[in-house]
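Data block below; observations after.
The values are calculated or read from the model by the stated rules, or taken from the named source; none is laboratory data. Computed from a prediction, not measured in an experiment: that's the story for all the values here. As a convention, Cβ positions derive from the backbone with ideal geometry for all residues, glycine included, and neighbour counts pool all protein chains shown. To get the accessible areas, we keep the full protein, side chains included, count just its heavy atoms, and leave off ligands, DNA and RNA. Shrake-Rupley method; radii C 1.70, N 1.55, O 1.52, S 1.80 Å.
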Amino acid sequence: MTSQKTSPIATVAFVTMGCAKNEVDSDHMATRLAANGYEIEEDPESADAVVVNTCSFIQAATEESIEAILEVADFDSVASGRAKLIVAGCMPARYGDALAEELPEVSSFVACGAEKDIVATLDDLFGIERLVGSGTELVTGLTAGRVSAYVKISDGCDRFCAYCTIPYIRGRYHSYALDDIRLEVERVVSEGAHEIVLIAQDTGRWGADFEEPSNLAALLANLAEDWPDVWFRVMYIQPEGVTDELIDTVSTHENICNYFDIPFQHANQRILKSMNRKGSSDEYRALIDRIRARIPNATLRTTLIAGYPGETEEDFEELCDFVEESELDYIGVFAYSREEGTRAYSLEGQLDDDEKASRAQTLRDLADAVCAPRIQARIGTSMDVLVCGCEEDGQLYGRAMCQAPDVDGVTYIPYGKPGDIVTVTISDVLLYEMEGSVEP
Ligand code: SF4
């Protein structure tokens, strides 16, 4: 039987804003489209349709997404009406119908959580009629060649931190089924992934909402044991999710990265309570000690918010003291962003933007001063590095288990090809980047 290549219905390009979770959603939408007669195009300016997958969890992200939408609306192809502009993701979920009035250039909207409707949306725009149920579900090889792949294990969040819009945008927490996660892992591994990064708004809660509850430790063990040659890494584990069972599971599986990304957000108990979060600087230090007692070389990352409403000079100093004393390896710092619709929006004691920016910068400088020596101390140690690819100047790079994709820098290496794991000795560091060499 010979197969005949048919022309695509239309070419579709994606412009993805925001975090890795959005990248996963774009990848899934692209995969669905490719499986249903559309062709994915790299260059948005030559595509017949452009999907801007937006982020709007804070005002700055919303503004960046609007800029991206307007930039695409200005393309000759879109402005002339030849190409369609679709806005997907968090913005349609957060702003609903008001968005359509503000952005008349947009042909259609697909809110997050409704990504599976992307084929029907495009079909509508291109006048395609299908027999009911004739659309093909997943899967094709859009992630082919990627050494690292993000796999989402749940969506939504029930924690309702007072400053956060996510529960309103993404809805209630729901874990994805183990079988679905395994299918996704199988897919990305078959397409070349050697590292799987498990993500969600709240990874540590995975499985708690099942009829027969499970947990993240069980999920990780299941995956790590069935794919022994693949690295597994988990991001966004809320402090409550770091159980002894999880720490044990990480420590007893060589292919699970000794890496804990725990968003503490603050260290002062009163501020944490106002944020609707549990904990205190003492409890967080005890948690770090618990991890390091079991896994001395564990890498710890956190994110912190500076300038939350009501944060006094003393509260901020307590946060700085926590950073100085807690020996974290990587720290992401954000200035508090006042978001309409959240409880923190109407709290008293809002700080002005200059003060928030100044505190955030102070905290960033302190974080660099604390983390840089920890990275420097890796010089002379031997590390396995997953080869990722080449920079534009031809320099080969990869990442060690202590470096998460997109946030922690890379390791420059002398040899290897993408997907290989090479063992090098760290010979130099430049703030967060490392250089590996091979002993003669
Ligand atoms: S846990 Fe994260 S996503 Fe959930 S409400 Fe808090 S900050 Fe937002």
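Filtering region 35-64 to residues that are of a type in the set (Ser, Thr, Tyr), surrounded by fewer than 23 Cβ atoms within 10 Å (Cβ to Cβ) and over 30 Å from residue 6 (Cα atoms) leaves only 62.
Look at (1) farther than 19 Å from residue 235 by Cα; (2) assigned to a helix (DSSP H, G or I); (3) within 16 Å of the ligand (Cβ to nearest atom) and you find that residue 337 fails only one, number (2). Among the residues of region 72-80, at least one is out of contact with any helix residue (DSSP H, G or I) (no Cβ under 8 Å at 6 or more places or on another chain) and not aromatic (Phe, Trp, Tyr).
Quick check on region 49-63: of everything there that is in a loop (DSSP other than H, G, I, E, B) and in contact (Cβ under 8 Å) with a residue 60 or more places away in the chain, which residue is farthest from the ligand (Cβ to nearest atom)? Across region 49-63, the extreme among qualifying residues is 56. Residue count for region 291-300 under the criterion of being touching a helix residue (DSSP H, G or I) at 6+ places or on another chain (Cβ under 7 Å) and not in a strand (DSSP E or B): the result is 4. Restricted to region 135-167, and to residues there that are open to solvent by 50 Å² or more (accessible area, probe 1.4 Å) and modelled with pLDDT under 55, the residue that is farthest from the ligand (Cβ to nearest atom) is 136. Could you check region 395-423 and list, in sequence order, the residues that are closer than 30 Å to residue 366 by Cα and open to solvent by less than 20 Å² (accessible area, probe 1.4 Å)? The answer is 398, 399, 400, 402, 403, 404, 405, 408, 411, 413. Counting only strands (runs of 3 or more DSSP E) that sit completely within region 168-286, those holding 3 or more residues that are more than 13 Å from the ligand (Cβ to nearest atom) and farther than 30 Å from residue 339 by Cα correspond to 231-234. Of everything listed in (1) part of a helix (DSSP H, G or I); (2) at pLDDT 90 or above; (3) open to solvent by less than 30 Å² (accessible area, probe 1.4 Å), the single unmet condition for residue 99 is (2).
It is to be established whether one or more residues within region 297-313 are open to solvent by 60 Å² or more (accessible area, probe 1.4 Å), at pLDDT below 95 and under 30 Å from residue 257 (Cβ atoms). Yes, there is a match, as at least one residue in region 297-313 is open to solvent by 60 Å² or more (accessible area, probe 1.4 Å), at pLDDT below 95 and under 30 Å from residue 257 (Cβ atoms). Residues that are within 29 Å of residue 234 (Cβ to Cβ), touching a Phe, Trp or Tyr at 6+ places or on another chain (Cβ under 7 Å) and not assigned by TED's automatic domain parsing to the domain that holds residue 263 do not occur anywhere in region 357-366.
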